[in-house]
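A short write-up of the structure that comes next.
The values are calculated or read from the model by the stated rules, or taken from the named source; none is laboratory data. Keep in mind the model is a prediction, meaning the values are calculated, not measured. When we count neighbours, we look across all protein chains shown, and the Cβ atoms used for this are built from the backbone with ideal geometry, even at glycine.
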Amino acid sequence: MDQTAPGIRNTGKNPDGSNYGRGPLTWDAEISEVGAGTPCGEFMRRYWHPIGVSAKLGTRPQNVRLLGEDLILFRDGKGRPGLLYPRCAHRGTTLYYGKVDDRGIRCCYHGWQFDVQGRCIDQPCEPQGGLHKDHVRQPWYPVQDLYGLVWAYMGPPEKQPQIQRWDVFEDIPAGEKIVSVGSSFGAGGDDSVEIVPCNWLQDWENIMDPFHIPILHTSFSGVQFVPEMGIMPEVTWDYHDLGMRYTAYRKLDDGREMDRVTLALFPHVRIVPDVRLLGGPTQSIGWVVPVDDTHFRLFHAMRVPQDWKGRVSTRARNWSELSEPEHQDFPGDWEAQVGQGPISFHSEENLATSDKGVVMLRRLLRRQIQIVRDGGDPIGVVFDPARAVNKVDAGNFYRESGVSA
């Protein structure tokens, strides 16, 4: 006789739920692993991804890792960004120690030089600078700057789409600017930490989980945003042209009623309304970029006033300055998500009604992965520049006279 509670799976061999003799723990590789050739990895490679902050990219080469691939990122002396495979096509040493000039990057070992598209343009140890240098190509990926970020496309060349653009960042009016950052601040860390040591999905699907906000961010750890976030919302989830959204309705203590609309869009876009509950459309966008299967980076672009002084933390000290007991006493997104492990064991989950958004998002992700398997183009992939600009319809929207604004 099954002695476990209704709807709860006993993952062990013992009816009393003992941990002894549990079966193997597994994760859902189809929707979490991003390496080349994996189902999700091939899906991801149909999009452009932020890989760095434009203002921080100069002529000094940078080691970067994206979708499980190690690469070298640099900007040549004419300002063109380049993203190359790190092992020099000559004898295999890393281009990380290369020197960059107006034409490209030169390997430290024998001086072979490559431009930002991997073309070999000089072989100084060979007669006449290399009579056959045109036969050599350093593997490379297309890159470009947009919204203060450097973007890379790592998919099939014949399937290269337009970069997704967003209406809030187009035609910026006088007195405003775009600020772009790459840090773990939005994932519960701070600006001193860039890479989060867990699978990208653990952060991205969290965007469709509104019920952790009144618990983790309010009642459990104290008010991390504003007290009104502690009001348990009434939530509806629905599909969006580019992914998913939820609307969380709250009636505030002052009598106002608010619809908080949050988006999780493909491939890994997160559009979260102002956490101080300022009214109106969202002016910032985040991207949960997979470094590999067990790490991700979070990039943000924000439309702000010209005199903007920077983000305001609700903590007295930076996250990285807290002691381990303080992390235990006041956990946030970092502790909750990294605490799931490098890749969460999906085989152990017992999903409930409050997880409806997570279930819907995973289901939609599987559909997009299958579309790519079948040779099609997933959600949000467009090739016509006229269709590349998307509307941001997330935000905090206050109702008037009980009617949704």
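General remarks:
- Of the residues M232, M154, M208, the single one that is surrounded by fewer than 20 Cβ atoms within 10 Å (Cβ to Cβ) and in contact with a helix residue (DSSP H, G or I) (Cβ under 9 Å, 6 or more places away or on another chain) is M232.
- Hits in the range 300-345 (condition: among the charged types (D, E, K, R) and farther than 30 Å from D167 by Cβ): R315, R317, E321, E324, E326, D329, E335
- Among the residues making up the range 124-168, those that are of a type in the set (S, T, Y) and in a strand (DSSP E or B) are Y141, Y153.
- Of residues in the range 33-64 being farther than 26 Å from W166 by Cβ and touching a residue at least 40 places away in the same chain (Cβ under 8 Å), the one surrounded by the fewest Cβ atoms within 10 Å (Cβ to Cβ): R60
- Set side by side, the residues V358, V289, V275 differ, and just one is assigned to a helix (DSSP H, G or I) and among the β-branched types (V, I, T), which is V358.
- Selection count where residues are among the aromatic types (F, W, Y) and out of contact with any Cys (no Cβ under 8 Å at 6 or more places or on another chain), scope the range 104-161: 5
- A Cβ distance below 9 Å, combined with a sequence gap of six or more or placement on separate chains, defines the contacts here; from the range 275-292, residues that are outside the structural domain of R303 (by TED's automatic domain parsing) and farther than 19 Å from I178 by Cβ reach no residue that is of a type outside the set (G, A, S) and at pLDDT 95 or above.
- Residue, nearest to C40 (Cα to Cα), within the range 169-206, restricted to residues that are part of a loop (DSSP other than H, G, I, E, B), touching a residue at least 12 places away in the same chain (Cβ under 8 Å) and of a type in the set (A, V, I, L, M, F, W, C): C198
- Scope the range 95-130; condition closer than 13 Å to P61 by Cβ and surrounded by fewer than 17 Cβ atoms within 10 Å (Cβ to Cβ); matching residues: Y96, Y97, K99, D101, C108
- Restricting attention to the range 331-367 and to residues that are hydroxyl-bearing (S, T, Y) and either surrounded by 15 or more Cβ atoms within 10 Å (Cβ to Cβ) or touching a residue at least 60 places away in the same chain (Cβ under 8 Å) (or both), the residue that is nearest to F211 (Cα to Cα) turns out to be S354.
- Evaluation of I195 against (1) modelled with pLDDT of 95 or more; (2) in contact with a helix residue (DSSP H, G or I) (Cβ under 7 Å, 6 or more places away or on another chain) (one fails), failing number: (2)
The rows are residues; the columns are (1) of a type outside the set (D, E); (2) more than 22 Å from F397 (Cβ to Cβ); (3) touching a helix residue (DSSP H, G or I) at 6+ places or on another chain (Cβ under 9 Å).
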position: P273; (1), (2), (3): yes, no, no
position: L278; (1), (2), (3): yes, no, no
position: W287; (1), (2), (3): yes, yes, no
position: R303; (1), (2), (3): yes, no, yes
position: W319; (1), (2), (3): yes, yes, yes
position: E324; (1), (2), (3): no, yes, no
